[in-house]
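Following: one structure in C-alpha cells, then a few remarks.
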Amino acid sequence: KILQDANVDYALMHVTSMYPTPYDKVRLNVIKELKTKFPDTVIGLSDHSFGNYTCFAATSLGASILEKHFTSDKNWSGPDIPISINPMELKDLILGSAAIFNSMIGEKDILDGEKETAKFAYASVVTINDMKQGEVFTSENIWVKRPGTGSILAKEFEKILGKEATENIPQDTQLTKSMFK
C-alpha cells in the first residue's frame, strides 16, 4: 500500500532461500496465491532450484519476472555456482519462458486460422450402413466421422437418433436435413 500510494513501481518475487532449493520446497502455488492477493501487481519467481523447470512452470502460473543466478563458468567455486545457469541455459530460459508466455495469450474460441482445419478435424454425422427409406436412425446405422464438412455436425448426433430416413441412403454418406423427418 505504501508503494502504491507513493506511485512506486514494484514487483513481488516468491523465493525459497535454500541453496539449492529441492523441487518439493519451491512451492510454486504461491505464485497463484500472490496473483490472487495482489491482482494489480507484477509477480515473479526468484529461483534457487537446479535448471529451468520451475521457472517454466512459474511462467505458466502467471509469473512475469524470473530471477536465476548466472555464471559463465560452472567450474568456479562459490555457494551459488551449483544452482547457477550458464549462457546456454540462460538462452533456453529466455526462449522457453517467452514461448510459454506467448502460448498463454487468448481465450477459447475458434481462430480464423483454425477454420479451414476445423472442416477436416471436426466430424459430421454419416451413415455407417446402407439405409432404406423409413428406417429409423440408431447408433447402429449412423455415427460421426471426419471431415466436418457436412451440414449435420457431430454435436447434433443425438438429435438425429430416432428420426426416420426420407430416402435410401448409401453407407458413408454425410446426412443432410432433407434425409430425415
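The values are calculated or read from the model by the stated rules, or taken from the named source; none is laboratory data. Predicted model only: the values in this text are computed from it and were never measured. Note that each Cβ is placed from the backbone with ideal geometry, even for glycine, and that neighbours are counted across all protein chains shown. Accessible surface areas use protein heavy atoms only, side chains included; no ligands, DNA or RNA. Shrake-Rupley method; radii C 1.70, N 1.55, O 1.52, S 1.80 Å.
For the chain, what % of the accessible area comes from carbon and sulfur atoms, probe 1.4 Å?
Carbon and sulfur atoms account for 57 percent of the accessible area of the chain.
Would you work out which of ALA99, THR176, GLN133 lies farthest towards the positive end of the dipole of the range 64-181? Charges go on Cβ: Lys and Arg +1, Asp and Glu -1.
Value: GLN133.
Distance between Cα centroids, the range 105-162 to the range 2-32: provide it in whole Å.
49
How far apart, in nanometres, would the label points at LYS177 and THR149 be if each is projected 7 angstrom from Cα along the Cα-to-Cβ direction?
In this crude label model, LYS177 to THR149 measures out at 2.1 nm.
By a straight-distance test (C-alpha under 21 Å), which lysines pair with LYS91 as possible cross-link partners, with residues fewer than eight away in the same chain excluded?
Of all the lysines, those that pass the test against LYS91 - Cα under 21 Å, at least 8 places apart if same chain - are LYS68, LYS74.
What nm value, rounded to one decimal, do you get for the distance between LYS159 and ASP112 when each label is placed 7 Å out toward the C-beta?
2.9
Using a 1.4 angstrom probe and counting only protein chains, how large is the accessible area of LYS25 in Å², to 10?
The accessible area of LYS25 comes to roughly 90 Å².
With unit charges on the beta carbon (Lys/Arg positive, Asp/Glu negative), name the residue among PHE50, SER77, LEU61 whose Cα is farthest towards the positive pole of the charge dipole of the range 1-143.
So the residue we want is SER77.
About the Cα centre of the range 1-145, what is the dipole size in debye to 20, counting +1 per Lys and Arg Cβ and -1 per Asp and Glu Cβ, all else neutral?
Taking the Cα centre of the range 1-145 as origin, the dipole is about 240 debye.
Count neighbours as other Cβ atoms within 10 Å of each site's Cβ, and list the chymotrypsin sites (Phe, Trp or Tyr not before Pro) in the range 74-181 that are DSSP loop with at most 14 such neighbours.
Answer in residue order: TRP76.
Quick one: Karplus J couplings for the range 84-90, per residue in order, coefficients 6.51, -1.76, 1.60, θ = phi - 60°, nearest Hz, x for Gly and Pro?
Going residue by residue, I get 6, 9, 9, x, 5, 5, 5 Hz, with x marking Gly and Pro.
How many Å² of accessible area per residue for the range 1-120, probe 1.4 Å?
Per-residue accessible area for the range 1-120 comes out at 68 Å².
Between THR138 and ASP24, what length in nm is gained on full extension when 0.36 nm per residue of separation is reduced by their alpha carbon distance?
Going from the current span to full extension adds 35.8 nm.
Note the full-extension length gain between ILE128 and PHE101 as 0.36 nm times their separation in residues minus their Cα-Cα distance, in nm to one decimal.
5.3 nm
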